[in-house]
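Below: the structure, in structure tokens.
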């Protein structure tokens, strides 16, 4: 199958640091190529995958993230080449421009939804509900806006080889994520302090509101011993921290559409303690690979029960549900459905007999 894969323009594939979509795209593209599929990746350079790559910008415009001009420059040129190219299906991850102009392409366009729905995004996607074929990354995400032309749900994958299994745990909890109110960073700090456990925090802090949140709600409790903040760490350091932790503490406070860091923790054999927001109950099996609670305070009792969770079960769950193989299987099925549905649309209706 000849697949045109459109990445967001903002970050190379894979990312050097932050970049969940780009990390998932790397895994998907490489797995498809290994299977013999012909994949052309439209991404900003310098990206490193097994696919053929088309680059319109030699350097990713990360500092201009969100500015329409760069997004339109990337997606517009990709669509122009794809329209006249030998592609069977288009898989778009770029954002809003993909669905807006999908109806202009002769090929079927599969669009993966990577973010949560809001009032504004519901309005947008409803306007283009039939222009492409939608894929949700969790059932919770799909069910929060059902009025779209869905072909299925395909969970994100993690690099299960990179996130090596470790059952020799050290005596600390870890929370590696963007430092912000939605991720529940302050709740992780207070839970650790109340339980007497050591907590290691790591992750980026965006300027503005997130920086203010850190200064007011998190920094006052950092003591360099019981509560430690390491800043934004490399992927290698992140894996080391998560794999050796007793548990991954993640008291989220928003409609997390998937939660890649939770799947990464499971791949390392590290149980996850999280709240029942968004897709968390689809990633974490309560009492098997971690614990779920209605509120951050509800997680306190489960910190004392971490040893009930078998690290091998965490790893098994990640391998079965969140491996590149499982994700590629899901998308190959989606591509086949999209091609058949698209042919049905193009097939002329049979004339009724007189």
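Data table
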read-out: Number of the condition not met by residue 182 [criteria: (1) within 21 Å of residue 6 (Cα to Cα); (2) outside the structural domain of residue 15 (by TED's automatic domain parsing)]; value: (1)
read-out: Unmet requirement for residue 266, which otherwise passes all of (1) assigned by TED's automatic domain parsing to the domain that holds residue 197; (2) over 17 Å from the mean Cα position of the chain (by Cα); (3) crowded, with 22+ Cβ neighbours inside 10 Å; (4) more than 18 Å from residue 141 (Cα to Cα); value: (2)
read-out: Unique residue being exposed (fewer than 15 other Cβ atoms within 10 Å of the Cβ), at pLDDT 95 or above, over 19 Å from residue 230 (Cβ atoms) and not assigned by TED's automatic domain parsing to the domain that holds residue 138 when the list is 211, 194; value: 194
read-out: Strands (runs of 3 or more DSSP E) contained in the stretch 131-212 and holding at least 1 residues in contact with a helix residue (DSSP H, G or I) (Cβ under 6 Å, 6 or more places away or on another chain) and within 30 Å of residue 335 (Cα to Cα); value: 133-136, 150-153
read-out: Hits in the stretch 63-82 - residues which are at negative phi, loosely packed, with under 15 Cβ neighbours inside 10 Å and within 23 Å of the chain's Cα centre (by Cα); value: 63, 64, 65, 67, 68, 72
read-out: Test for residue 153: is it surrounded by 15 or more Cβ atoms within 10 Å (Cβ to Cβ) and more than 30 Å from residue 30 (Cα to Cα); value: no
read-out: Count of the stretch 213-253 residues which are under 19 Å from the mean Cα position of the chain (by Cα), touching a residue at least 60 places away in the same chain (Cβ under 8 Å) and either within 25 Å of residue 162 (Cβ to Cβ) or assigned to a helix (DSSP H, G or I) (or both); value: 10
read-out: Tally, over the stretch 83-106, of residues that are over 20 Å from residue 28 (Cα atoms) and either assigned to a loop (DSSP other than H, G, I, E, B) or under 18 Å from the mean Cα position of the chain (by Cα) (or both); value: 6
read-out: Residue check for residue 331: within 16 Å of the chain's Cα centre (by Cα) and surrounded by 15 or more Cβ atoms within 10 Å (Cβ to Cβ); value: yes
read-out: Unique match (being modelled with pLDDT under 95 and at negative phi) among 338, 351; value: 351
read-out: Contacts under 6 angstrom Cβ, first residue in the stretch 1-21 being at positive phi and not assigned by TED's automatic domain parsing to the domain that holds residue 60, partner surrounded by 24 or more Cβ atoms within 10 Å (Cβ to Cβ) and modelled with pLDDT of 95 or more, 6 or more apart; value: none
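The values are calculated or read from the model by the stated rules, or taken from the named source; none is laboratory data. In this text the structure is predicted, and so the values were computed from the model without any measurement. Cβ: placed from backbone, ideal geometry, glycine included. Neighbour counts: every protein chain shown.
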